[in-house]
Amino acid sequence: MAEDWEYGGFGIYVHWPFCAAKCPYCDFNSHVRPSVDHAAWADALVEEIDKGFDVVGDRIVRSVFFGGGTPSLMEPDTVARILDQIAKRFRQTNQIEVTLESNPTSVEMGKFQDFRKVGVNRISMGVQALNDSDLRRLGRMHSVAEARAAFDIARSTFDRVSFDLIYARQDQTLAQWEAELTSALEMAVDHLSLYQLTIEPGTVFGTRHARGQLRGLPSEDLGADMFELTQDICEGYGMPAYEVSNHAKPDAQSQHNLVYWRYGDYLGIGPGAHGRVTTHGARFATEEERMPEAWLNGSRRIVTENLTQDVQAWEMALMGLRLREGISRQRLEELQQRPVDQGKVQHLIEIGLIESDSERIIVLKQGVMVLNAIIPELFDG
Amino acid sequence: MTPLKNIRNFSIVAHIDHGKSTLADRLIQSTQTVADRDMKEQLLDSMDIERERGITIKANTVRIDYTGADGEAYVLNLIDTPGHVDFAYEVSRSMRAVEGSLLVVDSTQGVEAQTLANVYQAIDADHEIVPVFNKIDLPASDIDRVAEQVEDVIGIDASGAIPVSAKTGEGIQETLEAIVTQLPAPEGDPDATLKAMLVDSWYDAYLGVIVLIRVMDGQLKKGQKIKFMSNGTVHHVDRIGVFRPQMEAIDVLGPGEIGFLTASIKQVRDTRVGDTITHERKEVEPLPGFKPAQPVVFCGLFPVDSAQFEDLREAIDKLALNDASFSFEMETSAALGFGFRCGFLGLLHLEVIRDRIEREYDIELITTAPSVVYHIFMKDGSMIELHNPADMPDLSTVDHLEEPRIKATILVPDEYLGDVLKLCQDRRGIQLDLTYAGSRAMAVYDLPLNEVVFDFYDRLKSVTKGYASFDYQLEGYREDNLVKMSVLVNDEPVDALSMMVHRDRAEMRGRAMCEKLKDLIPRHMFKIPIQAAIGGKVIARETLSALRKDVTAKCYGGDATRKRKLLEKQKAGKKKMRQFGKVDIPQEAFISALKMDG
Ligand SMILES: Nc1nc2c(ncn2[C@@H]2O[C@H](COP(=O)(O)OP(=O)(O)O)[C@@H](O)[C@H]2O)c(=O)[nH]1
Ligand SMILES: C[S@@+](CC[C@H](N)C(=O)[O-])C[C@H]1O[C@@H](n2cnc3c(N)ncnc32)[C@H](O)[C@@H]1O
Ligand code: SF4
Ligand SMILES: [Mg+2]
């Protein structure tokens, strides 16, 4: 019998926890350090690939993702050693996707060729804004011109390039965002991650917000209008949303993210990395120590939780309903071992938020914006 | 047994913070009633703590030995009384047990509403009154102005007033002397048949019910068999004693003395305050008695988690053991399930009981709109007491309705008078009197209790920046044009929100209620009409628009766990709400919706 993770496939996530500077909005596990012992990190990460293999065994890897932090600050040799080890232990699909997150500064531009040579075939670049004064407010260390130059080099080096923009920024108007997004779409990009600025506790923005010092954030209504506008414009450019915040040309969707959202299995390697692994018929959530030094010195795995069927059902739905394609109803019912509450489904259909037949549950455009309210509704009781 | 002529019984009346507790401390300390090493501040304020913690306020008593300037050994019994209007009833009965009062007025502040309310009770009880002007150590102290106010506003002679600083001790000796020289000694006959007043009673975990008594005639001794005249029950006296302020056993209590007895009484409910106590086989002319405290505010208490209903029953039973003024009966509501309809002396009393249930018994509660007791006169001539607007009978069977009215006294600096008058007018008040004492105005209003019970005091404090003082007493019932207003959320009636309102104010209240609910109910995935109606007629309507945006922008592999935990929390939060049809209403909405801002 097929195991549930096979609906999503298998990928490997490698976390690089260092950045040149910490951005004020960012709550990723990223740290600024004067120097990094690259060789020691390479050894440790390679070791973890082996340990991961020992747990999941023979699997076909669909995607490897170097995320951060700022993995473009890694030495290409480190990337090479990790990819070599993966190739040594695992089988891989022919079109394996190997993504590396990059900051768009001159530092990384010079490394793109080397990254390509060692096996990276996709770049995801944190452009964040196409407006210099906003880039400064976001604490970014690059200008729009630099970001465009980095993008052009990436574009000519790699087959696939995506970039991130943050919108619903301070004092941003609907018209400004429309213009900015349009110029982003006019760049030769095949994938875009368009995130509304989220104020995260524990960040500089979070603290300022709590003190009432972060002015000019959009109202819920403006945020909603911006979201709708984003959907419409991107569709017009042939880059519809395939997930809440992710847009792609046909066939340019991120294979790696699809593993998460389709609730496949993934190894999570490196500080703060999360994983989902099926072994011996049970599914586990894994979590690594967040502090880089502590992680490197050996206390790496801090959580291994055996996920109940119910929790798996929750997670599968909360990830899967983010996708335009929705989730399989049968899969959900198998996981939670009971039928979905048809009354609740019916109500959500009636108010125009979802679509469902015996096969699938799909959140409609109107529903995506209130997804966090829909999900608990489906699981009540 | 103390000779009558050497006993003085008194209470202290004061507005809150004028220094009653501090003065009591000084009286106790300067007479060495409590050894210096045991002295702590606000000694009698175990009661203040109880007040916060919510036991019905008990009169607090202390027996002080004092040798007068004349060389005589006196026994002074001080009965401390609570200040809040909800417990005005307790004040009045404590006063019946003593012959005089110290009227403490903060000489930097002057006469306030509770000064008035309490001093009138003392006057009603025929007390001799000695004014004491406190806080003379402060530069703002103005004794002449306060003396003038006491004469003008209260109408008693202030020429013998004693200037005191309870802080420094100045004037304490004079106060003690004034107690023995100006207050009368009690009267009574030590050889007559025992006759004692049951002043108060409360439950003690070790001793059972403790009964506070004032002996009128005869003598009370340990081992006697006594009878409560109201119900004829007979008890064997286990213990008698006095408060210093700890309990101290004593052999005999004679006429004029104040003390306690225990007699293996199980429940406070078995005693009735104001009752007359006599010997088992004897009869005496009973004392006039007190009228029992009547609950005036009713509300429903329901457990948030319906599985806790039995726990709630137990908590309420236990609390009622020690609080005879609190009543309850089971109630079922379509929306809220099983709970209790409870009656309280006032809103403070309600809050105190509710807090105790939540804190001490760990039961989360939904409190429904507080309501007063309406008298409904039916066409067939009968009268029904309505404790719950949801039980309002069919209008075609009703002849007319009456509601309770109060007489409210408000003292306020004159710059706020306009706002106060407007507030009273808005609450259907009828002005009875308006006078001035210096730059302070005293407004006396006849107001419907239902307009006051809920948030009048909060509003008064806010429009006067806290400078007004307020007190009231119940006056009786009066007919008015009252109707039941019901509230519909998403077209479903929510019985816990229905309320009685005056016809002329119904639209305004309905509008305010709908607006409030619009704020209090979280937005849902669909739009929700909120309506107020009288009978079938909608008088106000608001629409809560649908939730527009609630989605997490980024969600990576690592976020599955984080998001799952977030949603689990959200789901748990939902459990604290009540479902009405498809709408979740948070529990605090049931009270907050009724607060009026204007
Ligand atoms: N300066 C000064 N403060 C006093 C005096 N008597 C009481 N206080 C203070 O006034 C406040 C209220 O006193 P308290 O005895 O608690 O008043 P109660 O509410 O009437 O019992 C406390 O902070 C006391 O310390 C006094 O004679 N002089
Ligand atoms: C790990 S970072 C990308 C790589 C790289 N370090 C960079 O910043 O260019 C992942 C992305 O998450 C997005 N992001 C981070 N914090 C965010 C926030 N508070 N609100 C919205 N998006 C955020 C940014 O677009 C960022 O590019
Ligand atoms: S946004 Fe990127 S560069 Fe900025 S702190 Fe976060 S991970 Fe580092
Ligand atoms: Mg006090």
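The values are calculated or read from the model by the stated rules, or taken from the named source; none is laboratory data. Just so you know, these numbers come straight off a predicted model, no measurement behind them. All Cβ positions, even for glycine, are placed from backbone atoms using ideal geometry, and neighbour counts span all protein chains on display. The accessibility values were calculated without ligands, DNA or RNA, using every heavy atom of the protein model including side chains. Shrake-Rupley method; radii C 1.70, N 1.55, O 1.52, S 1.80 Å.
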Search result, residues across segment A:212-241 that are open to solvent by 40 Å² or more (accessible area, probe 1.4 Å), more than 22 Å from the chain's Cα centre (by Cα) and in contact (Cβ under 8 Å) with a residue 40 or more places away in the chain: A:Arg215, A:Leu217, A:Leu222, A:Asp225, A:Tyr237
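Give, as residue ranges, the helices (runs of 4 or more DSSP H) completely inside segment A:297-381 that count at least 1 residues that are within 11 Å of chain B (Cβ to nearest Cβ). Write out each step before concluding.
Numbers: elements: A:309-320, A:329-336, A:342-350, A:365-368, A:371-379.
By residue number, A:309-320, A:342-350, A:365-368, A:371-379.
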Where B:Arg548 falls short, out of the listed (1) charged (D, E, K, R); (2) assigned to a strand (DSSP E or B); (3) within 14 Å of another protein chain (Cβ to nearest Cβ): (2)
Condition broken by A:Arg262, with the remaining ones in (1) open to solvent by 30 Å² or more (accessible area, probe 1.4 Å); (2) within 14 Å of chain B (Cβ to nearest Cβ); (3) of a type outside the set (Phe, Trp, Tyr); (4) touching a Cys at 6+ places or on another chain (Cβ under 8 Å) satisfied: (4)
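Of A:His247, A:His209, A:His256, which residue is outside any loop (DSSP other than H, G, I, E, B), more than 10 Å from every other protein chain (Cβ to nearest Cβ), within 21 Å of the chain's Cα centre (by Cα) and closer than 24 Å to A:Leu197 by Cβ? Break it down into steps so the answer makes sense when it comes.
On the way: A:His209 fails: within 21 Å of the chain's Cα centre (by Cα); A:His256 fails: more than 10 Å from every other protein chain (Cβ to nearest Cβ).
Within the list A:His247, A:His209, A:His256, the selection yields A:His247.
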Qualifying residue in segment B:404-416 (condition: part of a loop (DSSP other than H, G, I, E, B) and without any contact (Cβ under 8 Å) to a residue 40 or more places away in the chain): no
Tally, over segment B:460-489, of residues that are of a type in the set (S, T, N, Q) and either under 13 Å from B:Leu447 (Cα atoms) or assigned to a loop (DSSP other than H, G, I, E, B) (or both): 3
Where a residue in segment B:475-489 is in contact (Cβ under 8 Å) with a residue 60 or more places away in the chain and its partner, wherever it lies, is aromatic (Phe, Trp, Tyr), with Cβ under 8 Å and at least six apart: B:Leu482/B:Tyr374; B:Val489/B:Phe580
Residues of segment B:570-589 satisfying the condition of being over 15 Å from B:Pro493 (Cα atoms), of a type in the set (S, T, N, Q) and within 11 Å of chain A (Cβ to nearest Cβ): B:Gln570
Any chance B:Ala122 is open to solvent by less than 10 Å² (accessible area, probe 1.4 Å), more than 16 Å from ligand 2 (Cβ to nearest atom) and either more than 12 Å from B:Leu103 (Cβ to Cβ) or in contact with a helix residue (DSSP H, G or I) (Cβ under 7 Å, 6 or more places away or on another chain) (or both): yes
Check on B:Gln173, assigned to a helix (DSSP H, G or I) and either surrounded by fewer than 19 Cβ atoms within 10 Å (Cβ to Cβ) or modelled with pLDDT of 95 or more (or both): yes
Considering residues of segment B:98-113 that are more than 15 Å from B:Glu151 (Cα to Cα) and part of a loop (DSSP other than H, G, I, E, B) only, the residue nearest to ligand 4 (Cβ to nearest atom): B:Gln109
Filtered residues of segment A:88-116 (kept if in a loop (DSSP other than H, G, I, E, B), out of contact with any His (no Cβ under 6 Å at 6 or more places or on another chain) and either within 13 Å of ligand 2 (Cβ to nearest atom) or within 14 Å of chain B (Cβ to nearest Cβ) (or both)): A:Asn103
Per-region count, segment B:553-591, residues without any contact (Cβ under 8 Å) to a residue 40 or more places away in the chain and assigned to a helix (DSSP H, G or I): 16
Checking B:Leu421 against (1) assigned to a strand (DSSP E or B); (2) out of contact with any helix residue (DSSP H, G or I) (no Cβ under 6 Å at 6 or more places or on another chain), the condition it does not meet: (1)
Breaking point among (1) surrounded by 14 or more Cβ atoms within 10 Å (Cβ to Cβ); (2) touching a Lys or Arg at 6+ places or on another chain (Cβ under 8 Å), for B:Met330: (1)
Counted residues, segment A:2-37 - those being open to solvent by less than 20 Å² (accessible area, probe 1.4 Å) and not in a loop (DSSP other than H, G, I, E, B): 7
Residue ID - nearest to B:Thr115 (Cα to Cα), chosen from residues in segment B:1-31 that are part of a loop (DSSP other than H, G, I, E, B) and more than 8 Å from ligand 1 (Cβ to nearest atom): B:Thr31
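Being open to solvent by 10 Å² or more (accessible area, probe 1.4 Å) and small (Gly, Ala, Ser) narrows it down to one residue among B:Ser165, B:Ser201, B:Ser159; which is it? Let's see the steps before the verdict.
Values: B:Ser165 fails: open to solvent by 10 Å² or more (accessible area, probe 1.4 Å); B:Ser201 fails: open to solvent by 10 Å² or more (accessible area, probe 1.4 Å).
Among B:Ser165, B:Ser201, B:Ser159, only B:Ser159 is open to solvent by 10 Å² or more (accessible area, probe 1.4 Å) and small (Gly, Ala, Ser).
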Residue that is nearest to B:Tyr436 (Cα to Cα) [pool: residues in segment B:114-125 that are assigned to a helix (DSSP H, G or I) and of a type in the set (A, V, I, L, M)]: B:Leu116
Qualifying residue in segment A:273-282 (condition: over 19 Å from the mean Cα position of the chain (by Cα) and open to solvent by 30 Å² or more (accessible area, probe 1.4 Å)): yes
Where B:Asn60 falls short, out of the listed (1) within 13 Å of ligand 4 (Cβ to nearest atom); (2) modelled with pLDDT of 85 or more: (2)
Sole exception among (1) at pLDDT below 95; (2) within 27 Å of A:Asp251 (Cβ to Cβ); (3) open to solvent by less than 20 Å² (accessible area, probe 1.4 Å) for A:Phe66, by number: (1)
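Sort out which residues of segment B:511-538 are open to solvent by 40 Å² or more (accessible area, probe 1.4 Å) and either within 32 Å of the chain's Cα centre (by Cα) or away from chain A (no Cβ under 14 Å) (or both), and write them in order of number.
If we filter segment B:511-538 for residues that are open to solvent by 40 Å² or more (accessible area, probe 1.4 Å), which is where we start, we get B:511, B:515-516, B:518-520, B:522-523, B:527, B:535-538.
Within segment B:511-538, B:Arg511, B:Glu515, B:Lys516, B:Lys518, B:Asp519, B:Leu520, B:Gly535, B:Gly536, B:Lys537, B:Val538 meet the criteria.
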Set B:Phe302, B:Phe338, B:Phe290, B:Phe377: member being buried (at least 22 other Cβ atoms within 10 Å of the Cβ) and aromatic (Phe, Trp, Tyr): B:Phe302
